[in-house]
Amino acid sequence: MAVIMTQKNYIMKKQILFNSKKYFYIENFGCQMNVSDSEIITSILLRNGFNLSKSLKEANIILLNSCSIREKAEITLKNRLKELKNLKDKYTLFGIIGCITKQKIKYFLNKQKVDFFANPDSYKEIPKIIYSCIRGEKIIYTPKKKETYSDIIPFHFSKKIKSFLSITRGCDNMCTFCIVPFTRGREVSRDPNSIIKEAQYLFEKGYKEITLLGQNVDSYKWESKSNIDKYYKKHNKKYTINFSELLELIAKKIPFIRIRFSTSNPHDMSDEVLKIISKYKNICKHIHLPVQSGSNKILKLMNRKYTREKYLSLIKRIKTIVPECSISHDIMTGFCEENEKDHLDTLSLMNEVKYNYGYMFSYSPRPGTYAYRNLPNNVPNEIKKKRLIEIIELQKLHSIMRMKEYLGKEQEILIEGISKKSYNYLYGRNSQNIVVVFPKGFYKIGDIVKVKIQKITSATLIGNLC
Ligand code: 5AD
Ligand code: SF4
């Protein structure tokens, strides 16, 4: 723990905060993993006598759960912090948690006067850190140990329909563009006992769907001397467990909960996982399989560890083993040295796969990464933008094409909420993770219903109850 300084106004904070009820409020700036982390932090703080504030107004401790994946996310965080500091009185404590780089910590310490920082391995220390701040110390905590939070049942914010469940933390892949291995550290898999315990707890609480989360779920690997359960004892003498085995364990133990997972790295996805997806009805038929680029030259520069050919062969195996599976992607345009031919390779790969949907970004150099240090960011911004637009347009065409395949078909939908467009309509998702809108009938949120698809848009299926 590094204690940075003691200031007069912190002594004031001490007097005011020490004697008042401590209300915390968390804002998220990142991905699903950040949402899941906020639930872990909330649980830790509640256990330690802090109170969850439903509104920013009454909070005297504000935690900003940050993201560094692209520059835009960092700018959003900076602006939000400024805005909040104007809004709140000077006795409020501000902490930045989540994915934050050393450079940014320096910036926030010097320029924005943030009270404390906690990285993803030090969430258990947050209560202690807050008390140190109240005592008048400014803290940066850097733990030695990788933390999996196996013993913490997260506080679930959602409406008891679906929940995230993290199974790995960190990433070992070292894609050259990515800041995650620097902010979240090396990959660690969580104890399967605690994963199953949490999944069972969620089911008993009435949750209908869980999403197993990790930067790279397919590389999940846990080793132990003790056995997991009878099934496992019978099948695996070495007491190691990989992702396909974990998936099967959960699917068997909790057959009435829907299971999703994210994210898969094409390099690590095995046929065993595909067979398990196909074998169990409660495992959703959707795979998010980021490709990033269709050019072998760019994939190599990105250190993605697969080629275009290997990726396409995996897509073929998905379609053979799980024919009804939907596939989504992440694609990044304008990475270092990307020329027009590389871009055309990406478009042609998209034409071969015809993804159901995808997330598209233009490359944002991240200080500290291999690409930032060693590769030229030599695609002009206008070209990055132009290529991004072309990719988005092509994806729209493919999405519509894929949506048409559902016309006239019956889909099983888990109802998630009331449609934003009309109170008389509900929405939910099918197994393939596509949003479906349909008339309310007598159903409610959390029910599972059959809907026949009548109309489509590029992002939504519209149907009638069967
Ligand atoms: N610039 C732009 N996009 C990025 N991603 C990761 N790092 C960067 C970056 N430096 C994208 C990738 C990844 C997704 C989560 O974010 O496409 O799959
Ligand atoms: Fe980043 Fe690559 Fe790890 Fe994904 S797999 S988190 S892109 S380093």
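The values are calculated or read from the model by the stated rules, or taken from the named source; none is laboratory data. Bear in mind that the values here come from a model prediction, so they are computed numbers and not experimental data. Cβ sites come from the backbone with ideal geometry, for glycine too, and all protein chains shown count toward neighbours. Side chains included, ligands, DNA and RNA excluded: accessible areas come from the protein's heavy atoms. Shrake-Rupley method; radii C 1.70, N 1.55, O 1.52, S 1.80 Å.
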Karplus couplings for region 108-120 from phi (6.51 cos²θ - 1.76 cosθ + 1.60, θ = phi - 60°), rounded to Hz, Gly and Pro as x?
5, 5, 7, 9, 10, 6, 7, 7, 7, 10, 9, 8, x
Cα-Cα over 21 Å: which of 252/285; 22/124; 104/297?
104/297
For the chain, just give the cysteines left without a disulfide-compatible partner, judged by no other Cys Cβ under 4.7 Å.
31, 67, 99, 133, 171, 284, 325, 336, 466
Once every DSSP H run of n ≥ 4 in the chain is given -39500 (n - 2.57) and the sum is divided by its residues, what mean residue ellipticity at 222 nm do you get, rounded to the nearest 500 deg cm²/dmol?
-11000 deg cm²/dmol
Pair residue 466, residue 447: separation of 7 Å Cα→Cβ label points (nm):
1.6 nm
Please give me the summed charge of the neighbours of residue 364: other residues whose Cβ is under 12 Å from its Cβ, Lys and Arg +1, Asp and Glu -1.
+2
Report, by chain and number, residues whose modeled amide H sits under 5 Å from the one on residue 329, excluding near sequence neighbours (fewer than 5 apart, same chain).
289, 357, 358, 359
How many Å² of accessible area per residue for region 179-319, probe 1.4 Å?
43 Å²
Please work out the Kirkwood hydrodynamic radius for region 198-351, using every pair of different C-alpha atoms, and report it in angstroms with one decimal place.
17.1 Å
Overall Cα dimensions of the chain - principal axes, largest extent first, Å:
67, 55, 53
Can you send over the carbon and sulfur percentage of the accessible area for the chain, probe radius 1.4 Å, protein chains only?
54 percent
At 1.4 Å probe radius, can you tell me the per residue accessible area of region 356-466 in Å²?
55 Å²
Give the angle, between 0 and 90 degrees and rounded to the nearest 10, that separates the Cα long axis of helix 243-253 from the longest principal axis of the Cα atoms of the chain.
90 degrees
How long are the semi-axes of the equivalent ellipsoid of region 277-339, taking √(5λ) for every eigenvalue λ of the Cα gyration tensor, in whole Å from largest down?
28, 12, 8
